[in-house]
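Worksheet: the structure to be examined is printed underneath.
Each reported figure results from applying straightforward, stated rules to the coordinates on display, with no laboratory input. Treat the numbers as computed from the prediction; the structure is a model and nothing was measured. All Cβ positions, glycine included, derive from the backbone under ideal geometry; neighbour counts span all protein chains shown.
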Amino acid sequence: MHYLDQFINGTVGYARWFWGQITFQSSDGLWNNYFYYLIIVSLVFFLLEIVAPWRTNQPRFRKDFWLDAFYMFFNFFLFSVIIYAGVSEVGVSLFKDFIGLFGIKNLVAIHVEQWPVWAQLLTLFVVKDFIEWWVHRLLHRSDRLWEFHKVHHSVEQMGFAAHLRYHWMENVVYKSIEYLPLAMIGFSLSDFFLVHIIAIAIGHWNHANFHFNIGPLKYIFNNAAMHIWHHAHDIPKERRYGVNFGLSLSIWDYLFGTNYIPYSGRDIKLGFPEMEKFPKSFVKQNLYGFGKKK
């Protein structure tokens with residue numbers, strides 16, 4: 001019953017927080033309102049796509065625009081309301097109870113609270129992105145996980161909202177793997193919020209039908225000209241597990257040799273082989289990957 005209570009409390013607590021964000025009644029205040037931040041940053045990139053589109057022949061409301069818009073709110077909010085907030089609450093509790101059997105009461109191994117704020121934020125941003133880069137590679141390398149990741153790669157016309165079209169299992173994989181290393185560093189929740197909203201803006205930019213040359217910074221920050229090749233339908237056989245895995249930072253791809261930009265990919269075909277057989281509806285896409293792999 002203890003874990004059931006945690007599940008219920010976690011779910012109800014998140015639902016109340018979410019409603020508070022929508023109605024401006026959350027204790028987080030206006031400047032920490034994640035719900036409206038997502039709307040505002042999405043509108044900014046949508047306007048950029050209209051004013052200065054990279055692919056001028058692509059419709060403003062590209063193929064699957066509204067499907068991807070729904071994915072944004074489902075993956076970031078509704079999925080947690082439905083089940084993830086409660087499950088993650090129980091999962092963390094189970095893990096702490098388990099390590100408690102060995103006398104471990106505190107996971108924090110690196111205390112950063114005495115560091116300057118800028119150093120804490122920079123460290124969290126870099127460490128979190130590095131972990132997620134490796135997780136992203138795993139999604140491509142593992143045949144089972146790739147079946148889930150196909151949802152993200154089923155985008156046929158790139159736009160900012162494609163950033164958050166992904167299977168709900170990716171939430172589980174990313175959060176489960178990064179929990180332990182990040183928990184060992186004493187970051188505050190406000191640090192996570194700020195770093196996360198920065199990552200959201202960069203992710204929107206990477207997927208948007210909007211591009212400008214950032215010069216030498218392309219070796220540090222991911223960008224649309226680089227990320228479009230990550231979604232390429234056709235890549236060399238020796239790169240069959242994918243290229244350009246960077247989320248916010250491109251530097252990992254250059255350091256580990258997974259960078260690939262043979263020429264301007266503005267008009268390349270996107271997707272993966274036999275994508276015409278892939279489900280088109282939201283429900284079928286989110287049930288995909290659980291069946292026996294053919």
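Find which of L78, F65, S88 sits farthest along the positive direction of the dipole of region 45-90, computed with +1 on the beta-carbon of Lys and Arg, -1 on that of Asp and Glu, about the Cα centre.
F65
Give me a comma-separated list of calculated 3J(HN,Hα) values for region 40-53, in order, Karplus coefficients 6.51, -1.76, 1.60 applied at θ = phi - 60°, integers in Hz, x for any Gly or Pro.
5, 5, 5, 5, 4, 6, 5, 5, 5, 5, 6, 6, 9, x
Looking at region 163-222, which chymotrypsin sites (Phe, Trp or Tyr not before Pro) are in a loop (DSSP not H, G, I, E or B) and have at most 12 other Cβ atoms within 10 Å?
When the chymotrypsin sites (Phe, Trp or Tyr not before Pro) of region 163-222 are filtered for loop state and at most 12 Cβ neighbours within 10 Å, F212 remain.
Helix 189-207 sits at what angle to the longest principal axis of the chain, using alpha carbons and giving 0 to 90 degrees rounded to 10?
10
Please give the helix 117-141 orientation as an angle from the longest Cα principal axis of the chain, in degrees from 0 to 90, rounded to the nearest 10.
Tilt of helix 117-141: around 60 degrees.
Which of these, G20, G265, G100, has the largest mean-square fluctuation under a Gaussian network model of the chain (Cα springs below 10 Å)?
Evaluated over the chain, the most mobile residue of the options is G100.
Which of L107, L101, L164, L180 has the fewest other C-beta atoms within 10 Å, and how do the rest follow up to the most?
Working: L107 16, L101 7, L164 22, L180 12.
Going from sparsest to densest Cβ surroundings: L101, L180, L107, L164.
Rank these for me by crowding, F77, F65, going from fewest to most other beta carbons within 10 Å.
Listed from fewest to most nearby Cβ atoms, that is F65, F77.
What number comes out for the charge environment of G246, summing +1 per Lys or Arg and -1 per Asp or Glu over other residues with Cβ under 12 Å away?
Its environment carries a net charge of -1.
Could you calculate the FRET efficiency of V283 with V108 from 1/(1 + (r/R0)^6), where r is the beta carbon distance between them and R0 is 30 Å, rounded to 0.05?
Details: r = 41 Å, r/R0 = 1.36.
Working from the Cβ atoms, E equals 0.15.
Please give every one of the aspartates and glutamates within straight-line cross-link reach of K63, meaning a C-alpha to C-alpha distance under 19 Å, and leave out same-chain neighbours fewer than 8 residues apart.
E49, E156, D267, E274, E276
Hey, which of these cross-link pairs are over 19 Å Cα-Cα: K128/K150; K150/K277; K150/K280?
Check vs 19 Å cut-off fails for K128/K150.
Rounding to the nearest 20 debye, state how big the charge dipole of the chain is about its Cα centre with +1 on each Lys and Arg Cβ and -1 on each Asp and Glu Cβ.
Magnitude of the dipole: close to 840 debye.
Please list, in chain and number order, the residues 5+ apart from L249 or on another chain whose amide H is under 5 Å from its amide H, with Hs placed from the backbone.
Correct list: N222.
Which chymotrypsin sites (Phe, Trp or Tyr not before Pro) does region 1-51 hold that lie in a coil by DSSP with at most 16 other beta carbons within 10 Å?
F24
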